[in-house]
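These notes are about the structure you will find just below.
Read-outs throughout are calculated quantities, based only on the coordinates presented, and are distinct from any laboratory measurement. Treat the numbers as computed from the prediction; the structure is a model and nothing was measured.
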Amino acid sequence: MIQIRQAFKGSLVKCPCKTTPLTEQQLKDLLRMADKDGDGSFSKDELVNAFRDMGSFFPGWRARQALQFADRNGDGQISLEEFNQLVAYVRKLNYKNACPGSKSA
């Protein structure tokens, strides 16, 4: 979790000011870093940590919603085949780059 925050230097904050949304590539990079065991799939716990690092107020709820949206085969994990669906879900949430007035974590 700290590694992700350091890598993005506080840029994963959902912010009401007019900052730019995270790009698809930034989201993919973030999610790949969240795969802590390196097995290529994403467990609910890994998703919870990713959403927490993105600044979600309810990371557990978001992780459950992401699984519901992207887990096509119902195995409780997001596989490589389902990864693009996960990215599409996260993009809809419109997480933004850091607010210029906010302090980095």
Report summary line: Expected vector for segment 81-94, Karplus 3J(HN,Hα) from phi with 6.51, -1.76, 1.60 and θ = phi - 60°, integer Hz, x for Gly and Pro, equals 5, 9, 4, 5, 5, 4, 4, 4, 5, 5, 4, 4, 7, 6
Query raised in the report: Cross-link partners among aspartates and glutamates for residue 44, C-alpha distance below 20 Å, same-chain residues fewer than 8 apart left out?
Result: 29, 35, 53, 71, 75, 81, 82
Query raised in the report: Full extension from residue 84 to residue 69: what is 0.36 nm times the residue separation minus their Cα-Cα distance, to one decimal in nm?
Result: 4.3 nm
